[in-house]
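In what follows, a structure is listed as structure tokens, so that the remarks can point back to it.
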Amino acid sequence: MDMKEKTEKTVLKVNDGIRGDIPRLAGKIALREASADDLRVLLVFLERGAERIARDAGVSEARADAALDYWREAGILTEGTGTKPTEAKKTLRPADELAPATGEETAEIIRRRGLSGVIDEAQKLLGKTFNTTEIGIVAGLSEQLELEPAYVLTLISWCRNRGKDSLRYVERTAFSLVSEGVETLAQLEAYIARREASESGIGQIRKMFGIGERALTKTEEKRFTQWLIDDKLPIGVIGIAYDITVEATGKVSLAYIDKILSKWKEAGCEGSAEEVERFIEREKAERGQAAAQKNGRGPKHDPIPSTYDSGDFFARAVERSYQKKK
């Protein structure tokens, strides 16, 4: 296995201008908006850096990335230039060179790996008889990428269902997946489920956010996948958070939306839009009663859920957005 030398990349570091004030500033921010996950990620980052931060903080990779984005937007972290060694990966032949060089080599691989049944099933899936090159591709997937028969057949079936019935396409897809660490049947099935769920939900978010057909940024794709797949949030819940954010800030802020969703998730009310609305209504009533008892009269403005204790402007935005939903 080859180990590439260190490569230049963007890394995060503590903002030099506020280094001495981190405890005070982070604490102030945490009291207003930061979630428990955000705090864990920040503490791990300050102690050990970003290496294996998700594992050490006990959160998903997407959640760790979202937390780092949050602290960067809060001004606690900033981007700088540094070096980080790349991980060693299995050396792979180019995607178009996976097939054996000769028919004799192909026949030997088929015999040794018992691929006759796999080739027959693959031909049935694609509805055609393979030529010598196509048979060689199936043999190469097994020999060069060391893929189990069920993996190969599952991948061929998935590609066919997406309108891609070329074995060259299957070969390139397999090469790309293995390069990304998707090497077992279980990993492939998880990847397919994640990809299909993400594509369906992301299409709805695109429409909601007015993104159109342009390519998503890496941050957008990461956040959308986190909400839909990692957090399993319904589209309706994301929609309420979107409305509140635009009402409060006048723009689409992914970090702002993520804070709202994280608060609801911590409160255990993120299962449906109805649960979120009941939570807002319940907290509104409780805060209103507390304010009335303290002041001996009704509050000047409608009270807000404790989840959004971030200032009067935000509070009124939450309430206005909620009223629109009714």
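Bear in mind that the values in this text are calculations on the coordinates, not laboratory data. Treat the numbers as computed from the prediction; the structure is a model and nothing was measured. Don't worry about glycine lacking a Cβ; one is built from the backbone with ideal geometry, like all the others, and counts go over all protein chains shown.
Some values worked out for this structure:
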{"read-out": "Three-way shape label, the stretch 210-259, alpha-carbon gyration tensor, a/c 1.5", "value": "oblate"}
{"read-out": "Rg over Rh, two decimals, the stretch 95-183 (C-alpha only, Kirkwood Rh)", "value": "0.92"}
{"read-out": "Label-point separation, Ser253 to Arg194 (7 Å along Cα→Cβ), nm", "value": "2.9"}
{"read-out": "Stretchable slack from Ala186 to Glu221, in nm (0.36 nm times residue separation minus alpha-carbon distance)", "value": "10.3 nm"}
{"read-out": "Cα centroid separation - the stretch 40-58 against the stretch 186-245, whole Å", "value": "25"}
{"read-out": "Gain in span if fully extended, Arg206 to Thr133, counting 0.36 nm per residue against the direct Cα distance", "value": "22.2 nm"}
{"read-out": "Ordering of 35-47, 135-147, 206-218 by packing [mean C-beta count within 10 Å, highest first]", "value": "135-147, 35-47, 206-218"}
{"read-out": "Selected from Gly212, Ile202, Val246, residue furthest toward positive end of dipole (the stretch 168-264; charges at beta carbon)", "value": "Val246"}
